[in-house]
1. Can you compute the charge dipole magnitude of the range 84-152 about its Cα centre, using +1 on each Lys and Arg Cβ and -1 on each Asp and Glu Cβ, nothing else charged? Give it in debye, rounded to the nearest 20.
2. Per residue of the range 39-53, in order, report the coupling 6.51 cos²θ - 1.76 cosθ + 1.60 (Karplus, θ = phi - 60°) as ³J(HN,Hα) in whole Hz, putting x for Gly and Pro.
3. Of the listed peptides 130-140, 208-218, what is their order by residue-averaged count of other C-beta atoms within 10 Å, with the highest listed first?
4. In the chain, with Lys and Arg counted as +1 and Asp and Glu as -1 at Cβ, which of these residues, Gln32, Ala132, Thr101, has the Cα nearest the positive end of the dipole, that is, farthest along it?
5. Using +1 at the Cβ of each Lys and Arg and -1 at the Cβ of each Asp and Glu in the range 260-323, identify which of Ser262, Ile299, Ala279 lies farthest towards the dipole's positive end.
6. Could you list the trypsin sites (Lys or Arg not before Pro) in the range 63-117 that lie in coil according to DSSP, counting only those with at most 12 other Cβ atoms within 10 Å of their Cβ?
7. With charges only on Cβ, +1 for K and R and -1 for D and E, what is the dipole size of the chain about its Cα centre, in debye, rounded to 20?
8. Among 329-339, 59-69, how do they line up by average Cβ neighbours within 10 Å per residue, starting with the highest?
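No lab work stands behind these numbers, since they all come straight from the coordinates. Just so it is clear, the structure is predicted and the values come from calculations on it, not from any experiment. Cβ atoms come from the backbone with ideal geometry, glycine included; neighbour counts cover every protein chain shown.
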Amino acid sequence: MNTKEIRQLFPILHQEVNGHPLVYLDSAATSQKPVSVIEAVKHYYERDNSNVHRGVHTLGSRATDAYEGAREKLVRFLNAGSAEEVIFTRGTTSALNLVATGYARSVCREGDEIVITPMEHHSNLIPWQQAAKATGAVLKYIPLQEDGTIRLEDVEQTITERTKIVSVTYVSNVLGVVNPVKEIAAIAQRKGAKMVVDGAQSTPHLKVDVQDLDCDFYTLSGHKMCGPTGIGALYGKRALLEEMDPIEYGGEMIDHVDLYDSTWKDLPWKFEGGTPIIAGAVGLGAAIDFLESIGLDEIDRHEKRITAYALERMSDIKDLNVYGPRSDRAGLITFNLGDVHPHDVATVLDAEGIAIRAGHHCCQPLMRWLQVSATARASFYLYNTEEDVDRLIASLIKTKEYFGHAIG
Ligand code: PMP
């Protein structure tokens, strides 16, 4: 399927915004949804809607099959060992909080270490800050190189025998850096630490194999990979999940309840208290089918092509500063246009129908490291074209002319 055909599958792309055809360059915040995902959710509500794991009736078993079927797709997609290792969550944020609360707080003691990097999204930073405060563990950072990459020598230095957990994003949502998480996991494990991978920005774009990465935990968000909002997952190695306590108690997750004590269901359900996000899981299953029908390798190749083209065109715009490495990067470009505030850049672009993101991108420590308060970001996905990039560049040139006085 070529990009033109792929675009036909995304109804939202075919509209005008502020009198211009929409150019959507904010997929790192959330991706758009193909018609097959929208239809799967619609079909579920029109035909199968019921609660899961309890109804004896036909709709109840259809809903359960649809929900557990989606889990099976995710197991295959990630190459997890079994369905016990894949827990549905609200997204990456709740998956990371589950590990930081359910696992880290029970294994960390005073003086132990939790290692992360300064490029982490707040979702992979604050849960560890809180776990460190609660346990007396020390939060340590792997330093960044000038271009925002990390060196394995520094990883070796930062992780010690006292490190219990290492948590690193696979792909930075600001720098576009693709971190060597497989190598970091190997170092962590050699030193006796557990490796957590924030996969929010990698899962939509790269072929992920959790057994090959040999990470202990891996997280993802459905809405960034063509699925609905409100659904995501935590992969964890079975032995670790067995050890871990749930953090949400209530219906669905129990085995036996007495007045003063209770026992839990087996994995993965002991972590899925309450009525789950059934339609979301169904939509995520359809998103996986969709991504697999295109091929993750093809998506990766397409994004690399578009990003290289955009970087080349941007290099012609004087005073446009791009952050992050020049090569080996993911399909997003974070930049500033001279001293023009990124919100102004995004506002001018929006008036031309172009959606980009502006702000701190939930990475305030990284903004301070970059010595800026905010940046603009254009992010690409399988439905973006070179013409989208041309529209972006033309509007950036216009913006530059408009704010000429602010540019040195
Ligand atoms: N980590 C990274 C690297 C992200 O880009 C995001 C989303 N911007 C998250 C975590 C949080 O994901 P969610 O909001 O879907 O929980």
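1. On the way: 6 positive and 8 negative charges, 47 e Å.
For the range 84-152, the charge dipole is close to 220 debye.
2. Going residue by residue, I get 5, 5, 5, 4, 4, 4, 6, 7, 10, 10, 3, 5, 7, 9, 6 Hz, with x marking Gly and Pro.
3. On the way: 130-140: 17.0, 208-218: 20.6.
Ranking the peptides 130-140, 208-218 by packing returns 208-218, 130-140.
4. Ala132
5. Ile299
6. Numbers: sites: Arg71, Lys73, Arg76, Arg90, Arg105, Arg109; in loops: Arg90, Arg109.
Qualifying residues, ordered by number: Arg109.
7. Values: 41 positive and 56 negative charges, 66 e Å.
Magnitude of the dipole: close to 320 debye.
8. Details: 329-339: 23.1, 59-69: 17.4.
With the highest mean Cβ count within 10 Å placed first, the list reads 329-339, 59-69.
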